[in-house]
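Have a look at the structure below, then the notes.
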Amino acid sequence: MTSTAGTFCYIDPEYQQTGMLGVKSDIYSLGIIFLQILTAKSPMGLAHHVEGAIKKGTFNVPN
């Protein structure tokens, strides 16, 4: 049985709607970790920040 634990910022948005966790939830959390490493930003609002940057064409990976 899967249960929630950890930081809110890493929780799959689908879980917030359905209350169901699965493999996709783990992949989402791993993706947030990768984005955090690439952008050197905190996970709070990171997915929205990256989505906006990609739409504007300003997503740059720090050196």
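The values are calculated or read from the model by the stated rules, or taken from the named source; none is laboratory data. Because the structure is a prediction, the values reported are computed rather than measured. A quick note on method: Cβ atoms are made from the backbone with ideal geometry, for glycine too, and the neighbour counts reach across all protein chains shown.
When VAL50 is tested against (1) loosely packed, with under 13 Cβ neighbours inside 10 Å; (2) of a type in the set (A, V, I, L, M); (3) modelled with pLDDT under 80, just one condition goes unmet, and that condition is (1). Scanning the stretch 34-43 for residues that are surrounded by 12 or more Cβ atoms within 10 Å (Cβ to Cβ) and of a type outside the set (S, T, N, Q) turns up LEU35, LEU38, LYS41, PRO43.
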